[in-house]
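J.: Below: one structure in structure tokens.
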Amino acid sequence: MTPHNHAKPGDYADAVLLPGDPLRAKWIAETFLDDAQLVNSVRNCLGFTGTWKGKRVSVQATGMGQPSLGIYVHELINVYGLKTLIRVGTCGGLNAKVRVRDLILAQAASTDSTIVRDHFGAYSFAPIADFGLLRSAAEKAEARGMRCHAGNMLSSDIFYHEDGLAAYGKLMAHGVIGVEMEAAALYTLAARFGVKALAICTMTDCLVTGAEIGAEERQSSLREMVELALEVAVEG
């Protein structure tokens, strides 16, 4: 147990899905998992464990942003011994070729966060996904006929940029295709502690074209993304 998590040893499976939103964690548990049990409710950052196609798997909300995710991920790895961590979230698009409802597999995660930058001194550490998880997700998405892009994601600590889209100009010119708020911290912690991590995001609004996903389409897309993530997680 920790100040943020009251789960007992063994309450979590080796693999966990990490949505930011506690209510999305609850929806995933109730919609996809068999025999789902609530294992954490501290600060309403809900965690559940159940089974998917007979294999044990967990889901734990992380809250918004890298500082919040960093707390939960650090504890899941170092206190509860988790080995496979898959973020399931939404992102904004920074490339017109990535359409709403498309999946982005964060092959790497650039960031403006000092959580990553200040730890490495003169070096610019490159947070990257576990290749096995990335390859598995890409192959499974292709087999399902899902539109999927593997590329560089931006994990930003700022949601409302004063300069709007212009703030991302240099990153876009260097191939960054999406923006969210968690993947870089996840990948850095996974590298530090020798576990596997992947961020899978559904692109819900394109900052370049202004296209947005409707509520019904959003729910359908999230369902497809979660099913893909579960398949990758239990395969491990």
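The values are calculated or read from the model by the stated rules, or taken from the named source; none is laboratory data. Small disclaimer: the values here were computed from a predicted structure and weren't measured. Methodologically, a virtual Cβ is constructed for each residue, glycine included, from the backbone with ideal geometry; neighbour enumeration extends over all protein chains shown.
J.: For the list (1) surrounded by 22 or more Cβ atoms within 10 Å (Cβ to Cβ); (2) in a loop (DSSP other than H, G, I, E, B); (3) small (Gly, Ala, Ser), I need the number of the one condition that Gly10 fails.
T.: All conditions pass for Gly10, except number (1).
J.: Please go through the range 204-219 and pick out each residue that is exposed (fewer than 14 other Cβ atoms within 10 Å of the Cβ) and either in a helix (DSSP H, G or I) or of a type in the set (A, V, I, L, M) (or both).
T.: Listed by number, the residues that qualify are Ala215, Glu216, Gln219.
J.: Something else now. Taking the range 50-78 only, how many residues are part of a loop (DSSP other than H, G, I, E, B), surrounded by 14 or more Cβ atoms within 10 Å (Cβ to Cβ) and free of Cβ contacts under 8 Å to residues at least 60 places away in the same chain?
T.: Residues flagged as part of a loop (DSSP other than H, G, I, E, B), surrounded by 14 or more Cβ atoms within 10 Å (Cβ to Cβ) and free of Cβ contacts under 8 Å to residues at least 60 places away in the same chain within the range 50-78 amount to 2.
J.: Of the conditions (1) outside any loop (DSSP other than H, G, I, E, B); (2) surrounded by fewer than 18 Cβ atoms within 10 Å (Cβ to Cβ); (3) in contact with a Ser or Thr (Cβ under 7 Å, 6 or more places away or on another chain), Asp157 clears all except one; give me its number.
T.: (1)
J.: State which residue pairs qualify: first residue more than 24 Å from Glu235 (Cα to Cα) and inside the range 5-24, second residue part of a loop (DSSP other than H, G, I, E, B) and at pLDDT 95 or above in any location, beta carbons under 6 Å apart, and separation of 6 or more residues or different chains.
T.: Close Cβ pairs (under 6 Å, with a partner that is part of a loop (DSSP other than H, G, I, E, B) and at pLDDT 95 or above) amount to Pro22/Cys45; Pro22/Leu46; Pro22/Ala61.
J.: Now, a different point. Can you name the condition, by its number, that Ile104 falls short on among (1) touching a Pro at 6+ places or on another chain (Cβ under 8 Å); (2) crowded, with 24+ Cβ neighbours inside 10 Å; (3) assigned to a strand (DSSP E or B)?
T.: In the conditions (1) touching a Pro at 6+ places or on another chain (Cβ under 8 Å); (2) crowded, with 24+ Cβ neighbours inside 10 Å; (3) assigned to a strand (DSSP E or B), Ile104 misses (1) alone.
J.: Moving to a separate point now. Can you tell me which of Arg24, Arg43 is of a type in the set (Lys, Arg) and either in contact with a Ser or Thr (Cβ under 6 Å, 6 or more places away or on another chain) or farther than 17 Å from Gly89 by Cβ (or both)?
T.: Result of the check over Arg24, Arg43: Arg43.
J.: Hey, Glu216 hits all of (1) closer than 21 Å to Thr90 by Cβ; (2) in contact (Cβ under 8 Å) with a residue 24 or more places away in the chain but one; which does it fall short on?
T.: Unmet condition: (2).
J.: State the number of residues belonging to the range 77-106 that are modelled with pLDDT of 95 or more and out of contact with any strand residue (DSSP E or B) (no Cβ under 7 Å at 6 or more places or on another chain).
T.: Residues in the range 77-106 being modelled with pLDDT of 95 or more and out of contact with any strand residue (DSSP E or B) (no Cβ under 7 Å at 6 or more places or on another chain): 4 in total.
J.: Then there is this: Quick one: in the range 33-49, of everything that is touching a helix residue (DSSP H, G or I) at 6+ places or on another chain (Cβ under 6 Å) and either at pLDDT 95 or above or of a type in the set (A, V, I, L, M) (or both), which residue is surrounded by the most Cβ atoms within 10 Å (Cβ to Cβ)?
T.: Step by step, filter the range 33-49, then rank; the result is Phe48.
J.: Return the residues of the range 107-144 that are among the hydrophobic types (A, V, I, L, M, F, W, C), surrounded by fewer than 18 Cβ atoms within 10 Å (Cβ to Cβ) and out of contact with any strand residue (DSSP E or B) (no Cβ under 7 Å at 6 or more places or on another chain); say none if nothing qualifies.
T.: Residues satisfying the conditions are Phe120, Ala122, Phe125, Phe131, Ala143.
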